[in-house]
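Every number here is computed from the coordinates shown, using simple stated rules; none is lab data. These figures come from a predicted structure and were not determined experimentally. We place every Cβ from the backbone using ideal geometry, glycine too, and count neighbours over all the protein chains shown.
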Amino acid sequence: MKRVVYNNSNYVFGGDAGRALSSIIRFKPPPSSSNSSATQNWEILADMKTPRWSHAVVTIGKKMYVIGEYDGNNTLDPVDIFDPFTKKLYWLINLSSRGECRGEDN
C-alpha cells in the first residue's frame, strides 16, 4: 500500500506484501471543529487494471503517478496517472516498451 498526501487528503493506492489490491481510496480528515465520524470520510475513487503492491506513487503538479507493480505472480512495469479532480486513472506507458506512450483510460 502506498500513500500520498495531497490537498489535505490521504490517497491510498493498492495493497501491501501478500495482499494485492486494485483500489485507489481517499481519506479526508474532518475539520477539527467537526463531530463527524472518521469512517464517513473514506471514499473509493477508482480501480486500477490489476491489483498491485511493491509499486511507487509520486505527485507531480496536480497528478499522481503510480509506477510499477507486483500482482502476486509477476513483476510488471506500468506507469499510470491518477487525476484526483476527475477521479480517473490513465495508463501512460510500460517502462519496458521502449518509447511506446499512450494516454488511455483504464
Quiz prompt | Calculated FRET value between Ile60 and Arg19, using beta carbons and R₀ = 41 Å, to 0.05 | solution = 0.90
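Using 0.36 nm times the number of residues separating Ser9 and Thr75, minus their current alpha carbon distance, what extension gain do you get? Provide the component values of the computation, followed by the final result.
Details: separation 66, 0.36 × 66 = 23.76 nm, distance 2.92 nm.
So the extension gain works out to 20.8 nm.
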Quiz item: Which lysines have a Cα less than 22 Å from the Cα of Lys49, not counting those fewer than 8 places away in the same chain?
Solution: Lys2, Lys62, Lys63, Lys87, Lys88
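If you count, for each residue, the other Cβ atoms within 10 Å and average over each peptide, how do 44-52, 60-68 line up from highest to lowest? Please list the in-between numbers first.
Values: 44-52: 17.3, 60-68: 14.3.
Packing proxy ranking, top to bottom: 44-52, 60-68.
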